[in-house]
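A short worksheet on the structure shown next.
The values are calculated or read from the model by the stated rules, or taken from the named source; none is laboratory data. In this text the structure is predicted, and so the values were computed from the model without any measurement. Note: ideal-geometry Cβ built from the backbone for every residue, glycine included; neighbour counts use all protein chains shown.
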Amino acid sequence: MKKQFLSILGAMLLGGITAMAGVSDDFVKQLKASNGTVLLASGAPAPASVKLIRNWNNDVCLVRIVNTGSTPVRLKEVVLGAVGKVLPPATPFYAEGFQMLTQTAGTLAKPETLGNYTDAGHYRIPQPEGYLAVYNLLRLYPGTDQQLLLGFASSHRFVGKFYLSPDTIKVVEDLENLELQPGKEFRLEELMLLKGADGNQLLDKLAARIQQNHPRLEFKAPPDGWCSWYCFGPRVTAKNVYDNLDYIKANAPVLKYIQLDDGYQPHMGDWLEVGSSFGGNVQQVLKTIREKGFEPAIWVAPFICDSNSAIFKQHPDWLVKDSSGKPLSSDKVTFGGWRLKPWYVLDGTLPAVQQHLTETFRVMKEQWGVTYFKLDANFWGAIHGGVYADKNATRVEAYRRGMEAIIKGAGDAFLLGCNHPLWASLGLIHGSRSSMDIKRTWSVFERSGRENLYRAWQNGKLWWNDPDCLVLTGNMPDNEYNFHAALLYATGGMLLSGDDLTKISPERLNMLKKAAPPTGKAAAFENTKFEIGKVKAGNDQRVILLNWEATPKKLSVKLNKPTEVIDYWTGKSLGKFAGNYSVELKGHDGMVLTFK
């Protein structure tokens, strides 16, 4: 989170802002009592014959819209409720985005983007003038003893969001101009409204309710392995993979999954072919991975294709259309893609597309032996501004139908969602990327680190979190690599190496081997400063220390009993301590300690 938010929240923790629990109570009362509004496609209020029915059962609100009239109506969105002039503009908050690369913090008056990509800016998702649109989850910090959490506990059909201004919060669901026939109803997504002093408990309640609506796609443990992207990019060759496979077999066999990333295919969409630059047969590379005792993994962007692909040329009828009926070029309504662009989008509402997706993944699973799929660019499967073949389907339904087809073909293989519509993926993926792409720079270590820790509550509850790759080679100072490794360990999620391991030093190799397998449990931090985190690992307690500042900082951990402190990476005992363990960390440094 940005420094401004940290300073405000720090002041609150010290009593600098004295908002009392009564503010939270006022917020809850006003939201529940406020009159909702259903808007027509024109933007005008719906007629009285369109009924908004909200049933509050303690913390959960079930919502329906019923057309009691005699004519059909097209509906743009519904404002479930609004709260105005209860929270001060300086109230800190945290909110999710529609797609996984957007997270927002700061204050109601001065929102701050945590990463590089925003829903409204980069992805060009419309939002109302004068408001910031955030999605799915909104956490508010009105005082030292209270937090408020608003979260949508389901994502079957409609997009849930919140419109924020310095003095007003609106709770909204997007109805996408769907037509509601006379005597029919729309069942909307569930809303939860929670308040309390312990934010972790509030998040646990939301996770439990989500689990009821979208049972988690189970996978026994978070995977660990190696990924080709952050060392070879789209120029990856078969030899690159073979060289690292041999090194891993000899030096780090704990890395189970060997993932071939973007670059093996000739075009986006032609996943069962191989590019001329790859220098090897994909099937043979995957077979060799298995023969050497590892699990073959591969990158796929299932919902997109480019104009030179066979799928675009042979099946234009499979694609999401623009208003004129032609295949929608994604750059007309959103970000057009990062390579071989502009992209076009497969329409998940079409049975033929669903069959294609099932067959593609069935071939990769059963014939190629793939047991792990990194699904990228999934956001485009829920693209806005296009026309789907099923005129009664929302973009969430289009995406979910496509994902269900993928699951059918992939069988028991691990599915990782990346650059995906976050809430729309509930119950459809085993793993979820929780940050922007990693880069070997301090600024990205810091920003992606905060993104990952704000989402750590999801790990093991909604899916396994993927904090992106651990990178330990390059010219950055040792302390910054220590920070990066300690932070990823704290997430408890997936662990993939992003280095050309033939060039790693013995010391960094040891760190990599100690990072795997991941604990599967996120460390609990006392607050959003994210400086001291604790997690159980077997019979041991691990303590993660992080110094986000550029200058040295002393951190202290209270001890319940006399304790031996061991550096987890090296296994070296740092001594026995009673009362407190204190250490001064260099700027941008981190440690993982074992307390015995």
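Look through the stretch 233-246, keep the residues that are at pLDDT 95 or above and surrounded by fewer than 18 Cβ atoms within 10 Å (Cβ to Cβ), and return whichever of them is nearest to VAL63 (Cα to Cα).
Out of the qualifying residues, it is TYR242.
Examine the stretch 353-375 for a residue that is within 19 Å of GLU189 (Cβ to Cβ), touching a helix residue (DSSP H, G or I) at 6+ places or on another chain (Cβ under 8 Å) and either surrounded by fewer than 24 Cβ atoms within 10 Å (Cβ to Cβ) or among the charged types (D, E, K, R) (or both), and state whether such a residue exists. Walk me through how you get there before you give the answer.
First, pick out the residues of the stretch 353-375 that are within 19 Å of GLU189 (Cβ to Cβ): none.
Taking every residue of the stretch 353-375 in turn, none turns out to be within 19 Å of GLU189 (Cβ to Cβ), touching a helix residue (DSSP H, G or I) at 6+ places or on another chain (Cβ under 8 Å) and either surrounded by fewer than 24 Cβ atoms within 10 Å (Cβ to Cβ) or among the charged types (D, E, K, R) (or both).
Restricting attention to the stretch 491-517, which residues are part of a loop (DSSP other than H, G, I, E, B) and either modelled with pLDDT under 95 or small (Gly, Ala, Ser) (or both)?
First, the residues of the stretch 491-517 that are part of a loop (DSSP other than H, G, I, E, B): 492-494, 498-500, 504-505, 516-517.
Result: GLY492, GLY493, GLY498, SER505, ALA516, PRO517.
Among the residues of the stretch 431-448 satisfying the criterion of being among the polar types (S, T, N, Q) and under 17 Å from the mean Cα position of the chain (by Cα), which is farthest from MET494 (Cα to Cα)?
Going residue by residue through the stretch 431-448, those that are among the polar types (S, T, N, Q) are 432, 434-435, 441, 443, 448.
Now drop any that are not under 17 Å from the mean Cα position of the chain (by Cα), which leaves 432, 434-435, 448.
Working: SER432: 9, SER434: 10, SER435: 12, SER448: 15 Å.
So the residue we want is SER448.
Would you mind stating whether LYS461 is part of a loop (DSSP other than H, G, I, E, B) and surrounded by fewer than 19 Cβ atoms within 10 Å (Cβ to Cβ)?
For LYS461, the condition - part of a loop (DSSP other than H, G, I, E, B) and surrounded by fewer than 19 Cβ atoms within 10 Å (Cβ to Cβ) - is met.
Here's a check for you: in the stretch 515-534, which residue that is crowded, with 16+ Cβ neighbours inside 10 Å and of a type in the set (A, V, I, L, M, F, W, C) is nearest to the chain's Cα centre (by Cα)?
ALA522
May I ask you to list the residues in the stretch 367-385 that are assigned to a helix (DSSP H, G or I) and touching a Lys or Arg at 6+ places or on another chain (Cβ under 6 Å)?
Our first condition is that a residue be assigned to a helix (DSSP H, G or I); within the stretch 367-385, this holds for 367, 378-382.
Matches in the stretch 367-385: ALA382 only.
Please report, ordered by residue number, the strands (runs of 3 or more DSSP E) entirely within the stretch 151-228 with at least 2 residues that are at pLDDT 95 or above, assigned by TED's automatic domain parsing to the domain that holds GLY106 and among the charged types (D, E, K, R). Can you show your working first?
Numbers: elements: 159-164, 168-180, 185-187, 191-196, 224-227.
Counting at least 2 such residues, we get 168-180, 185-187.
Evaluate the stretch 197-209: report whether one residue or more is farther than 28 Å from GLY402 by Cα, out of contact with any strand residue (DSSP E or B) (no Cβ under 9 Å at 6 or more places or on another chain) and in contact (Cβ under 8 Å) with a residue 60 or more places away in the chain. Before you say what the answer is, go through the steps one by one.
Filtering the stretch 197-209 down to residues farther than 28 Å from GLY402 by Cα leaves 197-205.
Right, trim to out of contact with any strand residue (DSSP E or B) (no Cβ under 9 Å at 6 or more places or on another chain) and you get 204.
The next check asks that each one be in contact (Cβ under 8 Å) with a residue 60 or more places away in the chain; those that pass are 204.
Yes: one or more hits.
Counting only residues that are of a type in the set (Val, Ile, Thr), in contact (Cβ under 8 Å) with a residue 40 or more places away in the chain and under 22 Å from THR394 (Cβ atoms), which one in the stretch 72-117 is surrounded by the most Cβ atoms within 10 Å (Cβ to Cβ)? Walk me through it before giving the result.
From the stretch 72-117, those of a type in the set (Val, Ile, Thr) are 73, 78-79, 83, 86, 91, 102, 104, 107, 113; that's our starting set.
Then keep just the ones that are in contact (Cβ under 8 Å) with a residue 40 or more places away in the chain; that gives 73, 78-79, 83, 86, 91, 107.
Pick out the ones that are also under 22 Å from THR394 (Cβ atoms) and you get 73, 78-79.
Details: VAL73: 19, VAL78: 24, VAL79: 17.
So the residue we want is VAL78.
I'd like to know if the stretch 350-373 contains one or more residues that are of a type outside the set (Gly, Ala, Ser), under 20 Å from the mean Cα position of the chain (by Cα) and outside the structural domain of THR118 (by TED's automatic domain parsing).
Residues of the stretch 350-373 of a type outside the set (Gly, Ala, Ser): 350-351, 353-368, 370-373.
From what's left, under 20 Å from the mean Cα position of the chain (by Cα): 372-373.
Next, from what is left, pick out any that are outside the structural domain of THR118 (by TED's automatic domain parsing): 372-373.
Looking through the stretch 350-373, at least one residue is of a type outside the set (Gly, Ala, Ser), under 20 Å from the mean Cα position of the chain (by Cα) and outside the structural domain of THR118 (by TED's automatic domain parsing).
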